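Only one structure is covered here, and it is reproduced in the block below.
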Amino acid sequence: MCPTHRLDRREAAGFYAEESRVMMERLRAEAVTHGRPFAMEARIIRPDGQERWMRLSADVIRDNGRIVQLYGLKQDITEEKQRWEALRQRAEHDALTGLANRALFEERFLNAPLARPGLTPLGALVLVDLDSFKQVNDRFGHGAGDACLKAAAQRIAACFADALLVARIGGDEFAVLTGADLSPAMLEARVGRLLAELNRPILWRGHRLTIGASAGMAMAQDAHRYDAQALFAIADEALYAVKASGKGAMIMGDPACRAMRQASSF
């Protein structure tokens, strides 16, 4: 394209990402028809493939009440978007492991309303606790402990690369929210592989650190409408049962058994 060539509106619209182009054309049509000013943020894909963000604002000029012209302003906000994205990443992700943090886990899953669950279609919640993390941390120091947490996070994320969310929700506790495509048998097989991975030694400064892990699981009965708090309680009770029975294993939580325990506590 010649450097002096001026793009007309239709040529310029061709550089908009599809979702931004559709919104911009709709807002423009409403402005021209009804005289409504608008503002939006649009994603632009340049000819070289680079992504940019533009803030568009527009209004109309009237003559005797009749709309005669649409005018506007475009502002490149790419760097502003990048700064906000970096801030969002820091606010929502664990600084050590890079996984989602407890705040994001609670926002998107645990505290989501029953009528509008944050993550769907949901298959199961898996809680993973590192068995010997405290012993390693106490003996070798925080550097070794951090190395174990990073390695564990990488192995969990790799084993559940297709998960809806993988989060570090406590010091040595992780949560995995799977999609609905895993059956109970498939989930147990996947978690079994994960526990085997987490049992492999972690090399740190000439030491072979072994932490191992236990897991508690809870299957969602309805992939699109579920009680996140109840699922968490079921998985947490299953994890507690594993830890009490010797660690290094997994248990699938049973909502019926929990209901019976709740009933017997009155």
Q. Per residue of the chain, what 222 nm ellipticity follows from adding -39500 (n - 2.57) for every DSSP H run with n ≥ 4, rounded to the nearest 500?
A. -13000 deg cm²/dmol
Q. To the nearest 10 degrees, how steep is helix 142-159 against the longest Cα principal axis of the chain, on a 0 to 90 scale?
A. 70
(Q) How large is the translational diffusion coefficient of segment 41-167 in µm² per second when you combine the Kirkwood radius over alpha carbon pairs with Stokes-Einstein at 20 °C and 1.002 mPa s? (A) 111
Q. Rounded if a/c is under 1.5, else prolate if a/b is larger than b/c, else oblate: which is segment 48-118, with a ≥ b ≥ c the root eigenvalues of its Cα gyration tensor?
A. oblate
Q: First compute the accessible area of segment 111-215 with a 1.4 Å probe, then give the percent of it belonging to carbon and sulfur atoms.
A: 51
Q: Calculate how steeply helix 18-34 sits against the longest principal axis of the alpha-carbon atoms of the chain, using the helix alpha-carbon long axis, and give the answer as 0 to 90 degrees to the nearest 10.
A: 40
Q: Compute the long axis of helix 184-198 from its Cα atoms, compare it with the longest principal axis of the Cα atoms of the chain, and write down the angle in degrees, 0 to 90, nearest 10.
A: 80
Q. Hey, any idea what Rg/Rh is for the chain, computing Rh the Kirkwood way over Cα pairs?
A. 1.16
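The values are calculated or read from the model by the stated rules, or taken from the named source; none is laboratory data. The structure presented is a predicted model; accordingly, all values stated were derived computationally and were not measured. Quick note on the areas: whole protein, heavy atoms, side chains included, nothing else; ligands and nucleic acids left out. Shrake-Rupley method; radii C 1.70, N 1.55, O 1.52, S 1.80 Å.
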